[in-house]
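Only one structure is covered here, and it is reproduced in the block below.
The values are calculated or read from the model by the stated rules, or taken from the named source; none is laboratory data. What you see is a predicted model, and the numbers here were worked out from it, not measured in a lab. Ideal geometry is used to build each Cβ from the backbone, glycine not excepted, and the neighbour counts take in all protein chains shown. Ligands, DNA and RNA are stripped out before the accessible areas are found, and what is left, the full protein with its side chains, is counted by its heavy atoms. Shrake-Rupley method; radii C 1.70, N 1.55, O 1.52, S 1.80 Å.
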Amino acid sequence: MTTDAEGSRVPPRPPDLPIARPPQNRRWIRVAVLGVVQALVLLLLSQVLGGLQIDDFVTALWLVVVLGALNAIVWPFVIRITFKLVLLTLGLFTFVLNAVFIWAAAAIVGGVELSSFWTALMVAMIMTIVNIWVGGMLHVDGDFVWASKVAHRAVKRNEPPEPTDVPGVLFIQIDGLGHDVLAEAMQSGEASFLGRLVSEGTHRLHGWECDLSSQTGAMQAGILLGDNHNMPAFRWYEKETGRVMVTNRPKDAAEIESRQSSGDGLLVGGGASRANVFTGDTDDAMFTFSAVTTDDANHDRFLYVLSTPMTFFRIIALSVVDIVREKRAYRAARRDGVEPIGHRGGVYPLLRAATTVVLAEITWSILVADIARGVPSAYVDLVGYDEVAHHSGLRAPDALDTLRRTDDQLERLLTTLKDAPRPYYLVVLADHGQTQGATFKQRYGETLDSVVKTLAGTGAVAAPVLAEEGWNNVNGLLTDAAADGSTLGKAVKRATRKKTADGEVVIGPDTERTVELDDEDIVVLASGNLGLVSFAKLPGRATRQQIDAAHPGLIDGLRLHPGIGLILVRDEHEGDLVLGPKGIRHLDSDRVDGEDPLTVFGPNTADHLRRTSGFDNCPDLLVNSFYDPVADEGAAFEELIGFHGGLGGAQSHPFVLAPSGLTQPTEPLVGARSIHDLFKNWLSEVHGSPRVPTDA
């Protein structure tokens, strides 16, 4: 940090980013061109649609003007009144509203005849597509201007921010994107903007290594709260309570944050948490699982992004496009014989659109508003790539296309920085990567719990129903909306009341939170290629000897299964052991008997396992799938082609895209706490607060 002429400390100013700026000159000419195109389209429709008649071009142009005025003035009030219907129809009712607006505009202008409501509805749908397509090309109602409008509306709802020269920091997390996949995408053009950040010197690309388990819950606890101790997986069973904890279930996330938080998280002091699992100790949290059911969550700005037809129509149109895109990608993969391939039918295309479009678009909108408000820091999780890669593969064309669109959206969003009340540093990161391969069930025709059941001999096995991350993302979004005290939020709450339990909206399959054991004494859970086996009737951490006595042959049977690479178990005499198919690693002494089962998993694997074994919530048996470093494949215990949560391959190796003007890491970054400390020190550099000790 430098000093000024009076000796005061001056924070370093972020460099200008290599952003492709939208054209700024002759805006009104471009607006006029859009209006002319709209009028011409209306005239064309009057020739091809038998139920629409327009006298002449001037009448069509007036129709465009009046319709625009109605949308700007009347729409926000109408959408507040009718939002319940909009929600119940998944947004399709907005087309009905727009048809009504067209009918009203036609009545005001005169010289326009509509024979039926269905004609007006057809005109509304076609004009929506024209506005998005042509407006985007002219940068009138495309991403650039759309983002600017959102920001201005947000500022109007609050007191104007005070300009400052003290920089803020934007942390943009691209969920599930591994370091090597990003590096390849920078070269190939799927991440061209992020590539320019590096090539033009504003940023440097660093890799880092996840803790075990390599998944969003544990990594965000470490990054945002500074502590992910006692979090062995995305889901785990707690013997004392008989509960299954799921990190992105709101009630569980709130309880986990209360355990992990020290009160001095990454976002403390005015930061903003958007679409995360945890708040980072900020009071300004939206779409954040640990806060969506709390009374102090910031719901008041939740639905303002729906206050213009452009935003809502944009979301609907892009969702439809994404559904079509997924259907085409799935058909192409099946036609070309792509392997591995999972089932992607049913409601999955809708679920994918909800995460890659709806959640993303609303999150981008709110982030633009945060920039316009001048928040000192913001942390945002973008889950689109992770969701698509889970089902298609981490380098599948549609996964890389999702990454390309995220890269493009990020660049477009950052055009609003020029109007922000403070300069901003941009930090882009991933919380974990992904490894891929045919699932355990696809390879061997059985699930992990069925293998355990066969080998256990006696005792029943409980395998609680587990909802996918994507469903929980959608449920978190709806829970947040239902907690909003506004008219719109109340409408969401009424519409979802039959799907609400314990304050949470739950659509789709629900994860069982409490395991009713009855005669079952073995609980089996899965998080990616990490399996957790707990013996509920054996108190505390069950030892190898206790398990062998209760279920002879179970451990050895799992150990020799071709789909399993290692098992962590505690021995009464030799301490913590890692059992592999051809050898044993003694974690207490690092002695190896036979072949070391950890060789293929990386040099820090023993340390990761020692740490996890020290958790109060460590399962009795921690099971990891095999990993083939030549084929770069493992096998998820869930039905996911791209997976993370365990050990092996790129899932443990995400990235940080660091601003070059801030202090760069000089030591290897291992564990989420190392990222927390790095980010806290960057905030200290730009805000002038004390630095975090590197050995914290």
* To do: Assuming a ≥ b ≥ c are the square roots of the Cα gyration tensor eigenvalues, decide whether segment 524-590 counts as rounded (a/c under 1.5), prolate (otherwise, with a/b larger than b/c) or oblate.
  => rounded
* Average the reciprocal distances over every distinct pair of alpha-carbons in segment 612-696, invert the result, and give the Kirkwood radius in Å. => 16.1
* Going highest first, how would you order 536-543, 407-414 by mean Cβ packing within 10 Å? -> 407-414, 536-543
* Asked: Amide H to amide H under 5 Å from Asp576: which residues, 5+ apart in sequence or cross-chain, H placed 1.01 Å off N in plane?
  -> Asp571, Leu587, Asp588
* May I ask you to list the residues of segment 547-575 whose amide nitrogen lies under 14 Å from a point 7 Å from Cα along the Cα→beta-carbon direction of Glu595? => 560-566
* Structure fact -> Of the accessible area of segment 186-228, computed with a 1.4 Å probe and all protein chains kept, carbon and sulfur make up a percent value of 39
* **Protection proxy ranking, peptides 100-113, 424-437, 212-225, average beta carbon neighbours within 10 Å, highest first** => 212-225, 424-437, 100-113
* Asked: Suppose R0 equals 56 Å; then what is the FRET efficiency for Ile73 and Glu572 from their Cβ-Cβ distance, rounded to the nearest 0.05?
  -> 0.15
* In debye to the nearest 20, how big a dipole does segment 520-643 give about its Cα centre with +1 on each Lys and Arg Cβ and -1 on each Asp and Glu Cβ? -> 180
* **Residues whose placed amide H lies under 5 Å from that of Asp284, excluding near-sequence neighbours** => Ser273
* Charge dipole (debye, nearest 20) of segment 325-446; +1 at Cβ of Lys and Arg, -1 at Cβ of Asp and Glu -> 420
* To do: Output the pairs from Lys327/Lys453; Lys327/Lys441; Lys251/Lys680; Lys453/Lys582 with a Cα-Cα distance over 29 Å in this structure; if there are none, say none.
  => Lys327/Lys453
* Asked: Val324: net charge of surrounding residues, Cβ under 12 Å, Lys/Arg +1, Asp/Glu -1, itself excluded?
  -> +2
* Asked: Which of the peptides 320-330, 247-257 is most tightly packed, and how do the rest follow, judged by the mean count of other Cβ atoms within 10 Å per residue?
  -> 247-257, 320-330
* Structure fact -> By the Cα gyration tensor axes a ≥ b ≥ c (a/c under 1.5 gives rounded; else a/b larger than b/c gives prolate, otherwise oblate), the shape of segment 203-295 is oblate
